[in-house]
Amino acid sequence: MKILVTGGAGFIGSNYIRQVLAMEDGREIVNLDALTYAGNLENLKDIQDDSRYTFVKGDIGQRGDVERVFAEHRFDAVLNFAAESHVDRSLHVGVDAFIATNIQGTQNLLDASREHEVKRYLQVSTDEVYGSLGDEGYFTETTPLEPNNPYSATKAGADCLVRAAGHSHGLEVVTTRCSNNFGPFQFPEKLIPLMIANAQEDKPLPVYGDGLHVRDWIFVEDHCAGIDLVLREGKADEVYNMGGNYDVPNIEIVRNILQILGKPESLITYVEDRPGHDRRYAIDSSKIQRELSWERAYAFPQAIEKTVEWYLSNDGWLQNLRSGDYQDYYRMLYGERSDAAEGLDLA
Ligand code: NAD
Ligand code: DAU
């Protein structure tokens, strides 16, 4: 069986590829990745010479790139991880790349999958498509799509295109919607790796607004295991939610990281809030638990310790990413946000 993984040089995709190859179940993987700022072949260094693995540099937003890879390989399944994935960039850098990759890129993959009679297409989506919850309740698969930021709007658009390809054209499609992932190889623009990196360097930890926005956190390996289960056993045309059953305010996550690192809470710096910041996400994973017997293997306290240890012992990986363009991005995003702009400056 040969599968196409798009975005496999990113955080979740690289963890997924490593997990599948470790299963040694005869699967071959082609990784199509454009190597944007978030794509990093270092993430796959340990498996780059595996004969079951092929890397192809290409952009899913470009039909020619997609057609080329489908012409060279016969895929049994396609898993679309590739995306512009950061909410803050969609708000402060620009939305064009989000539309090109998340929407046009998804449609290009759906078209090629249909044309080349791929047996199954899996869309890696997100709980952000549901918008924000009030004080109570959980996202279920039937919660209406109410995306509130440009990133989640493009992911919701993609989910609708996937649904339409299944409904109108009979392509066998499945979709997963997961909560916030954390773990090794996450780009240090996202909350957990950013806070670990800043705390380790005794730099301020920029917490948006009052720090009481709630996210559900899942260890990346649990998400990847769920994706693989949905690929193999999920029902066509269905959506499966996944979460870590650990929905807490951001400030609690930040304090936990400081406590693991033995750093003072005085590093916490409240900064201007994210515009339109979704207040609360919490996810009901009962469908995938009931129908596919998925369970998360990692509890948050154990997984966050493992994650912090990984970043400490992979400081070279982190520092490579925190140099160059990253510093310009950091200054742009955080410099204007706080009276403590000087203190937030990485330079
Ligand atoms: P990431 O930003 O770490 O990685 C994205 C990868 O996609 C990178 O390797 C990048 O080079 C590649 N890519 C971007 N544009 C591309 C293009 N046009 N063509 C080919 N490759 C391209 O993202 P991630 O956090 O690993 O997220 C992966 C997927 O999971 C995304 O679809 C995201 O929406 C979804 N998701 C993420 C989370 C999370 O917490 N990170 C939670 C739920 C769902
Ligand atoms: O819910 C799933 C989504 O989780 C995925 O679809 C996205 O791809 C992924 O990036 C993530 O989105 P969030 O916006 O929730 O993740 P982020 O790590 O950027 O932020 C988590 C929370 O922490 C959010 O409430 C904003 C807050 N935050 C974030 C950063 C980067 C801060 O307070 N300070 C920060 O510096």
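The values are calculated or read from the model by the stated rules, or taken from the named source; none is laboratory data. These numbers come from a predicted model, not from an experiment. In this analysis, Cβ positions are derived from the backbone assuming ideal geometry, glycine residues included, and neighbour counts consider all displayed protein chains. The protein model used for the area step is the full one, side chains on, heavy atoms only, and it has no ligands, DNA or RNA in it. Shrake-Rupley method; radii C 1.70, N 1.55, O 1.52, S 1.80 Å.
At a glance:
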| quantity | calculated |
| --- | --- |
| Sole residue being away from ligand 1 (no atom under 13 Å from the Cβ), closer than 15 Å to Arg177 by Cα and not basic (Lys, Arg), chosen from Gly131, Gly137 | Gly131 |
| Selection count, the stretch 285-308, where residues are over 23 Å from Val174 (Cα atoms) and of a type in the set (Ser, Thr, Tyr) | 2 |
| Test result for Pro188, more than 8 Å from ligand 2 (Cβ to nearest atom), open to solvent by 10 Å² or more (accessible area, probe 1.4 Å) and in contact (Cβ under 8 Å) with a residue 60 or more places away in the chain | no |
| Filter result for the condition that a residue is assigned to a helix (DSSP H, G or I) and under 27 Å from Thr142 (Cα atoms), over Lys235, Lys287, Lys306 | Lys287 |
| Residues within the stretch 240-282 that are within 27 Å of Tyr151 (Cα to Cα), open to solvent by 50 Å² or more (accessible area, probe 1.4 Å) and part of a helix (DSSP H, G or I), tallied | 1 |
| Filter result (assigned to a helix (DSSP H, G or I), touching a strand residue (DSSP E or B) at 6+ places or on another chain (Cβ under 9 Å) and within 13 Å of ligand 1 (Cβ to nearest atom)) within the stretch 47-87 | Asp65, Val66, Arg68, Val69 |
| From Ala153, Ala158, residue being within 16 Å of ligand 2 (Cβ to nearest atom) and within 21 Å of Lys287 (Cβ to Cβ) | Ala158 |
| Any hit, the stretch 14-22, residues being over 19 Å from the mean Cα position of the chain (by Cα) and either touching a residue at least 24 places away in the same chain (Cβ under 8 Å) or open to solvent by 30 Å² or more (accessible area, probe 1.4 Å) (or both) | yes |
| Selection from the stretch 64-74 of residues that are touching a residue at least 40 places away in the same chain (Cβ under 8 Å) and open to solvent by 10 Å² or more (accessible area, probe 1.4 Å) | Glu67, His73, Arg74 |
| Among (1) in contact (Cβ under 8 Å) with a residue 24 or more places away in the chain; (2) surrounded by fewer than 16 Cβ atoms within 10 Å (Cβ to Cβ); (3) away from ligand 2 (no atom under 16 Å from the Cβ), the one test that Leu110 misses | (2) |
| Sole residue being within 12 Å of ligand 2 (Cβ to nearest atom) and in a helix (DSSP H, G or I), chosen from Ala165, Ala225, Ala197 | Ala197 |
| Yes/no for Leu110 being within 16 Å of Val173 (Cα to Cα) and assigned to a strand (DSSP E or B) | no |
